[in-house]
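*Asks:* Dumping the structure here so I can ask a few things about it.
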Amino acid sequence: MTRFKVCGLTQTVDAVAAIDAGADFIGLIFAPSKRQLLPNQARDLLKELRTQRPSGSRNLQIVGVFVNSTQEEINQISDYCGLNRIQLHGDENLKDYASVELPIFKVIRINPDSTPKNLLSHLEEKLKIITDAQHTPMLDTASKGDYYGGTGQPFDWSIAAELAKKYDFVLSGGLRPNNVSDAIGQVRPWAVDVSSGVETKGRKDRKKILDFAQAVTEADITNYPGNVLSSK
């Protein structure tokens, strides 16, 4: 079944909504962003979350999102906040992060104007490096200029569909409740990631989070009926 991550959470109420929707991962951003949290803010949020949903948060993985931070800084914040996984969203070379103590989502940013013919061999090489290091790739849409955050826009999913024949990865970029089912059907990713797609006027929207989760479940029932039935 397709896992899903809700990223860019800044309030406990939104994290509770993600748990109630069945999210496998929630993302807290420690890099410059309108959704950035300071370590003490993240720690307080997670403390409140574990108080409000003690049983519901046991299997949830807390993902810290970093951009070009040092591995020492990442390890310190991970320890302080109680993170379960790291997301590297910058220009990081995994060879320089061998001392990071947690599993990693390594983001590969894809130019939305690129075509499969130009990209596939290059991307396969990157995915192989990440998976050989026992980490998980994440495919996201590249932003213009020096901005590292997500764009809220999809790239050509046919590229991801070809890569999914060989590799597990997280699909990100422009996913919303009304298109995630199509994305899962076309790509068959290991997991999907959403942030702005479940927001209204820049704030997380509980109904949209629940709608996104329902769309993921319905896509699984359609595309993996045997797996869904056997898991119940």
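*Asks:* Considering only the stretch 23-40, state which residues are assigned to a loop (DSSP other than H, G, I, E, B) and either charged (D, E, K, R) or open to solvent by 40 Å² or more (accessible area, probe 1.4 Å) (or both).
*Replies:* At the first step, the residues of the stretch 23-40 found to be assigned to a loop (DSSP other than H, G, I, E, B) are 23-24, 30-35, 37-38.
Residues satisfying the conditions are D24, P32, S33, K34, R35, L38.
*Asks:* Looking only at residues that are hydroxyl-bearing (S, T, Y) and modelled with pLDDT under 95 in the stretch 128-167, which one is surrounded by the fewest Cβ atoms within 10 Å (Cβ to Cβ)? Show your work before the answer.
*Replies:* If we filter the stretch 128-167 for residues that are hydroxyl-bearing (S, T, Y), which is where we start, we get 131, 136, 141, 143, 147-148, 151, 158, 167.
From what is left, the residues that are modelled with pLDDT under 95 are 141, 143, 147-148, 151, 158.
On the way: T141: 18, S143: 16, Y147: 11, Y148: 19, T151: 18, S158: 13.
Filtering first and then ranking leaves Y147.
*Asks:* Say whether the condition of being under 28 Å from I159 (Cβ atoms), surrounded by fewer than 12 Cβ atoms within 10 Å (Cβ to Cβ) and among the charged types (D, E, K, R) is met by at least one residue in the stretch 69-78. Spell out how you get there, then give the answer.
*Replies:* Taking the stretch 69-78 first, the residues under 28 Å from I159 (Cβ atoms) are none.
No: the stretch 69-78 contains no residue that is under 28 Å from I159 (Cβ atoms), surrounded by fewer than 12 Cβ atoms within 10 Å (Cβ to Cβ) and among the charged types (D, E, K, R).
*Asks:* Further question: Based on this model, can you work out whether P112 counts as closer than 20 Å to D156 by Cα and assigned to a loop (DSSP other than H, G, I, E, B)?
*Replies:* Values: closer than 20 Å to D156 by Cα: yes; assigned to a loop (DSSP other than H, G, I, E, B): yes.
Judged against the criteria, P112 is a match.
*Asks:* Right, next: If N223 meets every condition in (1) within 24 Å of V63 (Cβ to Cβ); (2) open to solvent by less than 40 Å² (accessible area, probe 1.4 Å) apart from one, which number is that one?
*Replies:* Looking at each condition in turn, N223 falls short on (1).
*Asks:* Then there is this: When the stretch 168-185 is examined, which residues are found to be at pLDDT 95 or above and farther than 18 Å from L123 by Cα?
*Replies:* Step one: list which residues in the stretch 168-185 are at pLDDT 95 or above, which gives 168-172, 175-185.
Result: L175, R176, P177, N178, N179, V180, S181, D182, A183, I184, G185.
*Asks:* Next question, about the same structure. Residue by residue through the stretch 1-18, note down the ones that are among the aliphatic types (A, V, I, L, M), open to solvent by less than 20 Å² (accessible area, probe 1.4 Å) and either touching a Cys at 6+ places or on another chain (Cβ under 6 Å) or not in a loop (DSSP other than H, G, I, E, B) (or both). Step through it out loud before you land on a result.
*Replies:* Kept after step one, since they are among the aliphatic types (A, V, I, L, M), are these residues of the stretch 1-18: 1, 6, 9, 13, 15-18.
Cutting the leftovers down to open to solvent by less than 20 Å² (accessible area, probe 1.4 Å) gives us 6, 9, 15-18.
Within the stretch 1-18, V6, A15, V16, A17, A18 qualify.
*Asks:* Let me ask you something else. State yes or no: is R109 at pLDDT below 95, of a type outside the set (G, A, S), open to solvent by 40 Å² or more (accessible area, probe 1.4 Å) and under 26 Å from S181 (Cβ atoms)?
*Replies:* Numbers: at pLDDT below 95: yes; of a type outside the set (G, A, S): yes; open to solvent by 40 Å² or more (accessible area, probe 1.4 Å): yes; under 26 Å from S181 (Cβ atoms): yes.
Here the answer is yes, as R109 does meet what is asked.
*Asks:* Still on this structure, I have one more. Specify the residue that is least open to solvent (accessible area, probe 1.4 Å); the eligible residues are those in the stretch 57-67 that are touching a residue at least 40 places away in the same chain (Cβ under 8 Å) and assigned to a loop (DSSP other than H, G, I, E, B). Full working, then the answer.
*Replies:* Of the stretch 57-67, the ones touching a residue at least 40 places away in the same chain (Cβ under 8 Å) are 60, 63, 65, 67.
Filter again for assigned to a loop (DSSP other than H, G, I, E, B), leaving 60, 67.
On the way: L60: 13, V67: 36 Å².
Within the stretch 57-67, the match that is least open to solvent (accessible area, probe 1.4 Å) is L60.
*Asks:* So which pairs qualify, if the first residue must be in the stretch 188-211 and in contact (Cβ under 8 Å) with a residue 24 or more places away in the chain and farther than 20 Å from V65 by Cα, the second must be open to solvent by 40 Å² or more (accessible area, probe 1.4 Å) and of a type in the set (S, T, Y), the Cβ gap must be under 7 Å, and the two must be at least 6 apart or on different chains?
*Replies:* K208/T200
*Asks:* Quick one: is E101 charged (D, E, K, R) and assigned to a loop (DSSP other than H, G, I, E, B)?
*Replies:* Working: charged (D, E, K, R): yes; assigned to a loop (DSSP other than H, G, I, E, B): yes.
So E101 fits the description; yes.
*Asks:* Also: Is it fair to say R43 is surrounded by fewer than 22 Cβ atoms within 10 Å (Cβ to Cβ), in contact (Cβ under 8 Å) with a residue 12 or more places away in the chain, outside any helix (DSSP H, G or I) and not β-branched (V, I, T)? Steps first, please.
*Replies:* Details: surrounded by fewer than 22 Cβ atoms within 10 Å (Cβ to Cβ): yes; in contact (Cβ under 8 Å) with a residue 12 or more places away in the chain: yes; outside any helix (DSSP H, G or I): no; not β-branched (V, I, T): yes.
So R43 fails the test.
*Asks:* Suppose we filter E48, E73 for residues that are in contact (Cβ under 8 Å) with a residue 24 or more places away in the chain and acidic (D, E); which single one remains?
*Replies:* None of the others qualify; the one that does is E48.
*Asks:* Can you name the condition, by its number, that L119 falls short on among (1) in contact (Cβ under 8 Å) with a residue 24 or more places away in the chain; (2) surrounded by 16 or more Cβ atoms within 10 Å (Cβ to Cβ); (3) within 22 Å of K5 (Cβ to Cβ)?
*Replies:* (3)
The values are calculated or read from the model by the stated rules, or taken from the named source; none is laboratory data. Given the structure is predicted, the values throughout are model-derived calculations rather than measurements. Ideal geometry is used to build each Cβ from the backbone, glycine not excepted, and the neighbour counts take in all protein chains shown. Ligands, DNA and RNA are stripped out before the accessible areas are found, and what is left, the full protein with its side chains, is counted by its heavy atoms. Shrake-Rupley method; radii C 1.70, N 1.55, O 1.52, S 1.80 Å.
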